[in-house]
1. Could you check Val79 against (1) in a loop (DSSP other than H, G, I, E, B); (2) without any contact (Cβ under 8 Å) to a residue 24 or more places away in the chain and say which number it fails?
2. Do we find a residue being at pLDDT 95 or above and under 20 Å from Ser169 (Cα atoms) anywhere in segment 54-66?
3. Could you tell me which residue of segment 139-171 is surrounded by the fewest Cβ atoms within 10 Å (Cβ to Cβ), considering only residues that are within 11 Å of the ligand (Cβ to nearest atom) and under 23 Å from Leu4 (Cβ atoms)?
4. Take the residues of segment 70-93 that are among the aromatic types (Phe, Trp, Tyr) and more than 7 Å from the ligand (Cβ to nearest atom): which is nearest to the chain's Cα centre (by Cα)?
5. Inspect segment 97-113 for any residue being at positive phi, open to solvent by less than 70 Å² (accessible area, probe 1.4 Å) and more than 18 Å from the chain's Cα centre (by Cα) and give the result as yes or no.
Amino acid sequence: MFNLILFGPPGSGKGTQSEKLITKYGFKHLSTGDILRSEIANQTQLGLEAKSFMDAGKLVPDAVVIGMVGAAITANPGVYGFLFDGFPRTKPQAEALDTLLSEHGTSINVVLAMEVPEEELIARMIGRSKTSGRTDDADPEVQKKRLSVYKNETLAVADHYSQFDKVVSLNGLGSIDDIFNALCAEIDARA
Ligand code: AMP
């Protein structure tokens, strides 16, 4: 298996690039944000509990997202590999992911980290809110909160995988195709 974490702040292009990568390589896409939004749309208990955190730009509790990812890994045996998008977002999530993968005899191969300046992230969130209807993208206070959560809680995930030499940083500015080609080159060098 080849398992990849697509890493970066909100608005760095993880969702856009994930779509292209799953088409090319056949990864199983695990986006915790997408799973949570579908739970909200289906008005499940989990969705109702997650919504207030998401609307405020805060992280949903670790136990909730770790449980979702564990269930998704178990439900998808025999895939080429998993592409984790928006997960892990805290050090405990990263440690739990490593444990879950090792229980399935596999591990993270590489963390591809997309770097984008803050002004551009905000511009992209505003642009995305116009078509996606995502309220967490539209509100300036929530945008700021999400960026501060990224710095204070999520950057620790890159530190965690750096210890194992698994993090590759890439420029997330440029055309979608150029960034995609740079991501593919890193995957092809390791697959
Ligand atoms: P995203 O679509 O990845 O930007 O996620 C949107 C929102 O969903 C985040 O701001 C969090 O409230 C929640 N969320 C998504 N993934 C996670 C995660 N791994 N841990 C905690 N909260 C998450």
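The values are calculated or read from the model by the stated rules, or taken from the named source; none is laboratory data. Predicted model only: the values in this text are computed from it and were never measured. Quick reminder, even Gly has a Cβ in these numbers, built from the backbone with ideal geometry, and neighbours come from all protein chains shown. Keep in mind that these areas ignore ligands, DNA and RNA; they rest on the heavy atoms of the full protein, side chains included. Shrake-Rupley method; radii C 1.70, N 1.55, O 1.52, S 1.80 Å.
1. (2)
2. no
3. Our first condition is that a residue be within 11 Å of the ligand (Cβ to nearest atom); within segment 139-171, this holds for 142-143, 145-147, 149-150, 153-154, 157.
Those still in the list that are under 23 Å from Leu4 (Cβ atoms) too: 146, 149-150, 153-154, 157.
Working: Arg146: 23, Val149: 18, Tyr150: 20, Glu153: 16, Thr154: 22, Val157: 25.
Once the filter is applied, the top-ranked residue is Glu153.
4. Applying the first criterion (among the aromatic types (Phe, Trp, Tyr)) to segment 70-93 yields 80, 82, 84, 87.
Narrowing further to those that are more than 7 Å from the ligand (Cβ to nearest atom): 80, 82, 84.
Values: Tyr80: 18, Phe82: 12, Phe84: 6 Å.
Checking each candidate, the answer is Phe84.
5. no
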